[in-house]
(Lines give C-alpha, C1' and ligand atoms only; values in the text may rest on other atoms or scores of the structure.)
Protein backbone atom coordinates (compact mmCIF):
# COMPACT_ATOMS: atom_id res chain seq x y z
CA UNK A 1 0.00 0.00 0.00
CA UNK A 2 2.80 2.43 0.83
CA UNK A 3 4.40 1.67 -2.54
CA UNK A 4 1.15 2.78 -4.16
CA UNK A 5 1.41 6.12 -2.33
CA UNK A 6 5.08 6.55 -3.21
CA UNK A 7 4.41 5.80 -6.88
CA UNK A 8 2.32 8.94 -7.34
CA UNK A 9 -1.11 8.22 -5.87
CA UNK A 10 -3.54 10.79 -7.27
CA UNK A 11 -6.24 12.42 -5.17
CA UNK A 12 -7.06 12.15 -1.49
CA UNK A 13 -6.32 9.01 0.49
CA UNK A 14 -9.29 8.06 2.65
CA UNK A 15 -9.97 4.97 4.73
CA UNK A 16 -12.51 3.78 2.15
CA UNK A 17 -9.95 4.08 -0.67
CA UNK A 18 -7.39 2.29 1.51
CA UNK A 19 -9.88 -0.55 2.09
CA UNK A 20 -10.59 -0.86 -1.63
CA UNK A 21 -6.93 -0.84 -2.68
CA UNK A 22 -5.76 -3.16 0.12
CA UNK A 23 -8.85 -5.38 -0.24
CA UNK A 24 -9.62 -5.26 3.47
CA UNK A 25 -12.53 -4.15 5.65
CA UNK A 26 -13.11 -0.49 6.48
CA UNK A 27 -12.27 -1.24 10.12
CA UNK A 28 -8.94 -2.80 9.17
CA UNK A 29 -8.14 0.14 6.89
CA UNK A 30 -8.83 2.58 9.71
CA UNK A 31 -6.64 0.58 12.12
CA UNK A 32 -3.83 0.53 9.52
CA UNK A 33 -4.09 4.28 8.98
CA UNK A 34 -4.18 4.97 12.73
CA UNK A 35 -1.01 2.92 13.22
CA UNK A 36 0.75 4.80 10.41
CA UNK A 37 -0.37 8.13 11.89
CA UNK A 38 1.14 7.18 15.26
CA UNK A 39 4.37 6.08 13.58
CA UNK A 40 4.56 9.37 11.66
CA UNK A 41 4.36 7.74 8.23
CA UNK A 42 1.05 9.44 7.39
CA UNK A 43 -0.42 12.75 8.49
CA UNK A 44 -3.94 14.12 8.30
CA UNK A 45 -4.47 16.33 5.29
CA UNK A 46 -4.97 19.97 6.29
CA UNK A 47 -7.84 20.33 3.80
CA UNK A 48 -10.46 19.08 6.26
CA UNK A 49 -14.01 18.55 5.11
CA UNK A 50 -16.58 15.85 5.81
CA UNK A 51 -14.20 12.92 5.41
CA UNK A 52 -10.69 12.65 6.80
CA UNK A 53 -7.99 12.44 4.16
CA UNK A 54 -4.37 11.47 4.68
CA UNK A 55 -1.04 12.07 2.97
CA UNK A 56 2.50 10.78 3.30
CA UNK A 57 4.57 12.52 5.91
CA UNK A 58 7.85 12.70 4.01
CA UNK A 59 10.95 14.06 5.76
CA UNK A 60 12.08 17.45 4.59
CA UNK A 61 15.27 17.59 2.57
CA UNK A 62 18.23 18.88 4.57
CA UNK A 63 19.35 22.37 3.72
CA UNK A 64 23.00 22.90 2.90
CA UNK A 65 24.95 25.46 4.84
CA UNK A 66 27.74 27.45 3.33
CA UNK A 67 30.44 29.22 5.25
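Of all the numbered requirements in (1) part of a loop (DSSP other than H, G, I, E, B); (2) modelled with pLDDT of 85 or more, residue 27 misses one, and that requirement is (1).
Mind checking whether some residue in segment 12-19 is assigned to a loop (DSSP other than H, G, I, E, B) and at pLDDT below 90? Yes: segment 12-19 contains one or more residues that are assigned to a loop (DSSP other than H, G, I, E, B) and at pLDDT below 90.
All conditions but one from (1) at pLDDT below 90; (2) touching a strand residue (DSSP E or B) at 6+ places or on another chain (Cβ under 8 Å) apply to residue 46; the one that does not is (2).
The values are calculated or read from the model by the stated rules, or taken from the named source; none is laboratory data. Please read all numbers here as calculations on a predicted model, not as lab measurements. We place every Cβ from the backbone using ideal geometry, glycine too, and count neighbours over all the protein chains shown.
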